[in-house]
Structure formats: structure tokens, C-alpha cells
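Student: Quick one: the structure is below, questions incoming.
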Ligand SMILES: *Cc1c(COP(=O)(O)O)cnc(C)c1O
């Protein structure tokens, strides 16, 4: 496993002991320092997953004689079976060795060849073609999220977010003082969006609906029909759609991926994407915002200008990656994605089937995408477990198995498994889960 893996694994810190003087420093004037940290991001940062994972790892037991199984994480690229394509690596090497061409600053919106390449790449699937002018390069999809929320924020503004959402949406909405209104996803209907709920919670201050498709962590892929209804609902409400499609290469189920951009003649659509997940390079930090806006609504309402201004004052993706992007997008072969998806598909089958032996965890729908599986926790079958957090804490302590409690994601009494791991880890996890379940099962009344 790589050094970057966020698992303490009982390891000792590699840093050399540094002597720190613990005595308070005396100032010449005898006064105090005039600066202190700003609390503005405190609440926004508290929705992060890291805190919970740290507590779970702290709960693991040294004396169990079992390795820690980290199935609460979301980064498959630390495992040998999930490595990026040779073509992508070659593209970066070539960029690095381009005689200095990739050494300079890039414009805030990104260099033209890369924006053109993204437009060409997206246009393969779009009826309303987009131009390089409609593409803005970002530091991963994360900066796309930040930029869009920032660009749309204003007094009283609210945004519609799924009840289960990538935590950064939450954080940036809080930070930009945009009110969050959550809409429901329907687990018994393939996690479709509850469109009636959308109509009920939107009002004249609603700026956008954000959707995630394919959905992380539910693993569903919305159908053409459902997305069309989302577009029509948004149009009726006069709001734009922000579609996070960062997992669109990670598809291994029946439903094909449909880009939201194909509905741009119904409603303006801003697509957020990156190479992080599909190419297995989240550390490379490059992605894009794409405007699907044939009627220039986003231009005339000033949204495009605001995005540009925001990008002008934020850090850019490394020029080395911007330079490499056209070759990454054009040269990576289909079989690279097919191989990754086939590994994930086998892991999902393994997990989904093994859950049948753990009746307290029920998965309503086998994932078709992404690298997770979420299962509902049936507490009524368990003797002494009070919640998903309690379940995960005890599992960590008794089995050194770390799963993510759904509460962190807004799904109380659900549990998330990472399936982007080595197959042997899933097998071992279920051996431990069986033992755990047997110990905590409620004894039947006789
Ligand atoms: C991983 C992820 C992101 C962030 O993508 P980066 O390219 O790593 O910044 C955004 N949204 C969703 C749904 C994700 O899963």
C-alpha cells in the first residue's frame, strides 16, 4: 500500500523527534501576538469524513492479531490492481520533456489545446455541440464544485442538493453562505430523484439543482427518461442543472451512462468532470467545467463571467497536466476502462452475494457504477447495537474492520463499503463480519 494511505495502521511516525520549546515565547512589549486563526471554515470543514475515519482507526485494537482492513476509504489507486493507463503516464512524461513548453503559467481558464481537446471529447456524445470556449479547466472536479457554488452565490440564494451528496458541496455551500435544501433519493426506485420533493422545496431564490450521475456512493446510473424529467422540472422552476459526472467512465452495470448535457436545449446544464476517477489518478488534480448552453443563458445571466473571475483568482491545474490532457483523453484505450470495470464488477458481485449471509445489512440495489456499495443496517436483528456509528465503532474494535457509517454522508443507519480494493480484502472482511454478526445477533424469544 502506498505511503499516502490515510491509515494509521499502528505505524509510528516517521518524522525524527524535533525538540520544541514548550515555554511561551515572551514578546518585547510583553504583549500578545496580534493574529489568530479565522474560524470561517470551521463549520464547513466539520462535515468532512476524515474525522470519523480517524476515530474508527483509533478504535482498532493492537492486540487482536488481525490486520486493519480499511474498507471505509475511497481511493482505489493505492492498490496494485487499480493503476492508471500507460498512455496517460506517457502523456505526462512527454509533457514534462516538451522542452520547457509546459513550464509557464497558464491562463486562469486553462490553455486552449486542452480546452479544445475536452470539447472534442465531450462532443462525441452531445447533439448540441460545445466549443473550447465553453470549457474551463479546474483543479479536479473539486474546484469545479467550489467555482460553481461561488459563482452562483448571492444574498438569500439556495441550492438543491441530494440527501446523499459528495461532502464538498455541503462545505462550499456553507462557506459561501448558500442555503442548502436537500432533496430525497428513492432507494426502492433505483435511487431516482424524488421530483415532487424538488418542486416542493424550490422557490424564487433557488439557483440550481446539483445532481450526481453516476451517483457516488449509491452506485446507480440514471436513465435517459429520468434525466429528461429532471431537465423539465428544472426548466419549470427556472433553475440550472449542475451535473457531477466524475464517475462516468466507471460503469459496469446494465444502464448506460447518459450525459446531462444532451438535454441542454431544455435547460442550461453545467457539467463537472475530471480524470481523477476514470483514469485512477486523483492525485493529478485536473478536471473541467463544461457549459452546455445553446441559448447562451449562462452568458447573458453573467454566470460565465463570474466563473472566469473566480478562476482568475484561484490556483490553476499544473501546466504539465494541462499540456498532457489532450493525449490522455485521446490515447487511452477502451480496454483500460473495461479492465478496471471488470475488476469492480467482480468485487461488487462478491460483496452483494456475501451480504446475503449478513441479514442485518441489506443492499436495495446492486451498484452499477462507482467504487462503493451502501447497505441499510437492520438494527432490529442486533442485540446491543444502537446505530450505524455504534456498529462501525464496535466492528473496528472487535474485528479491525473499518467501514464508513452512513451518518457521515447523511444516510443514518446505513453502512458504506469500499469495493475499489483487493478482492482478498473483501473476502476477509466478510469472514470477520460473519463472526461479528454471530456475536451480536438478537437471541430469538423462545
Ligand atoms: C471524487 C469526487 C469528486 C472530486 O473529484 P476530484 O477530481 O478528485 O476533485 C467530486 N464529486 C464526486 C461525486 C466525487 O466522487
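None of the figures in this text is laboratory data; all of them are computed from the coordinates on show. Source: prediction; values computed, not measured. Note: ideal-geometry Cβ built from the backbone for every residue, glycine included; neighbour counts use all protein chains shown.
Student: Running a GNM on the chain with Cα contacts under 10 Å, which residue among 248, 128, 400 ends up with the highest mean-square fluctuation?
Tutor: 128
Student: Could you give P(r) for region 67-168, binned at 5 Å from zero, as whole percent values over all Cα-Cα pairs?
Tutor: Over region 67-168, the share of Cα pairs per 5 Å bin runs 2, 8, 10, 15, 17, 18, 14, 8, 5, 2, 0 percent.
Student: Kindly work out what percent of the DSSP beta bridges joining two residues of region 86-331 are antiparallel, to the nearest 5.
Tutor: Values: 12 of 29 bridges.
Approximately 40 percent, going by the DSSP bridge assignments.
Student: Oh, and also: Given a cut-off of under 8 Å on Cα pairs at least six residues apart, what relative contact order in percent is computed for region 368-446? Walk me through the numbers on the way to the answer.
Tutor: Values: 94 pairs, mean separation 29.1, N = 79.
For region 368-446, the relative contact order is 37 percent.
Student: Hey, what's the Cα Rg ratio for region 209-283 versus the globular rule of thumb, 2.2 N^0.38 Å? Display every interim value, and only then the final one.
Tutor: Values: Rg = 12.5 Å, N = 75, 2.2 N^0.38 = 11.3 Å.
My calculation over the Cα atoms of region 209-283 gives 1.10.
Student: Let me ask something else about it. What is the order of 170, 310, fewest Cβ neighbours within 10 Å to most?
Tutor: Values: 170 22, 310 18.
The order, fewest Cβ neighbours first, is 310, 170.
Student: Give the relative contact order (percent, whole number) for region 86-331; include only Cα pairs under 8 Å separated by 6+ residues.
Tutor: Working: 453 pairs, mean separation 72.4, N = 246.
Relative contact order for region 86-331 comes out at 29 percent.
Student: Averaged over every viewing direction, what's the projected area of the C-alpha convex hull for region 86-331? Give it in nm², one decimal, please. Please report the intermediate quantities before stating the final value.
Tutor: Working: hull surface 50.0 nm².
Result: a mean projected hull area of 12.5 nm².
Student: Another one. In whole angstrom, how long is each semi-axis of the equivalent ellipsoid of region 326-446, when you take the square root of 5 times every eigenvalue of its Cα gyration tensor and sort them from largest down?
Tutor: Numbers: eigenvalues 206, 41, 31 Å².
So the three semi-axes of region 326-446 are 32, 14, 12 Å.
Student: Only bridges with both residues in region 126-237 count here: give the DSSP antiparallel percent, nearest 5.
Tutor: Values: 2 of 10 bridges.
Here the antiparallel bridges make up roughly 20 percent for region 126-237.
Student: Mind checking Rg over Rh on region 276-397, alpha carbons, Kirkwood formula for Rh?
Tutor: On the way: Rg = 22.0 Å, Rh = 19.3 Å.
Rg/Rh: 1.14.
Student: To check you understand DSSP bridge types, tell me what percent of the beta bridges within the chain (both residues inside) are antiparallel, rounded to 5.
Tutor: Numbers: 23 of 42 bridges.
If we restrict to bridges inside the chain, about 55 percent are antiparallel.
Student: Would any residue of region 168-210 have its amide N under 15 Å from a label point 7 Å out along Cα→Cβ of residue 297? List them or say none.
Tutor: 203-210
Student: May I ask you to compute the full-extension gain from residue 308 to residue 132, defined as 0.36 nm times their residue separation minus their alpha-carbon distance, rounded to one decimal in nm? Intermediate results must be reported in sequence, preceding the final value.
Tutor: Values: separation 176, 0.36 × 176 = 63.36 nm, distance 1.39 nm.
Answer, rounded to one decimal: 62.0 nm.
Student: Between region 352-405 and region 294-311, how many Å separate their Cα centres?
Tutor: Measuring centre to centre over Cα atoms gives 44 Å.
Student: Continuing with the same structure: Give, in nm to one decimal, the length gained when the segment between residue 330 and residue 59 is fully stretched (0.36 nm per residue of separation minus the Cα-Cα distance). Mind dumping the intermediate values first?
Tutor: Details: separation 271, 0.36 × 271 = 97.56 nm, distance 4.57 nm.
Separation in residues times 0.36 nm, less the Cα-Cα distance, equals 93.0 nm.
Student: At q = 0.07 Å⁻¹, what base-10 log of I(q)/I(0) does the Debye formula yield for the chain when every alpha carbon is treated as an equal point scatterer in vacuo?
Tutor: -0.39
Student: For region 381-446, count all C-alpha to C-alpha pairs, find those more than 19 Å apart, and express that count as a whole percent of the total.
Tutor: Numbers: 739 of 2145 pairs.
For region 381-446, the fraction of Cα-Cα distances above 19 Å is 34 percent.
Student: Another question, if that's okay. What are the extents of the Cα atoms of region 371-415 along their three principal axes, listed from largest to smallest and rounded to whole Å?
Tutor: 27, 24, 15
Student: Something else now. With an 8 Å cut-off on Cα pairs and a minimum separation of 6 or more residues, tell me the relative contact order of the chain in percent. Intermediate results must be reported in sequence, preceding the final value.
Tutor: Working: 787 pairs, mean separation 99.1, N = 446.
The value is 22 percent.
Student: Could you pull the Cα extents of region 207-339 along its three principal axes, largest to smallest, in whole Å?
Tutor: The Cα atoms of region 207-339 stretch 41, 41, 24 Å along the principal axes, largest first.
Student: For the chain, set up a GNM with springs between Cα atoms under 10 Å and report which of 424, 153, 318 has the largest fluctuation.
Tutor: Maximum among the listed residues: 424.
Student: Within 10 Å of each residue's Cβ, count the other Cβ atoms and sort 161, 433 from fewest upward. It would help to have the intermediate numbers written out before the result.
Tutor: On the way: 161 24, 433 21.
The most exposed by this proxy come first: 433, 161.
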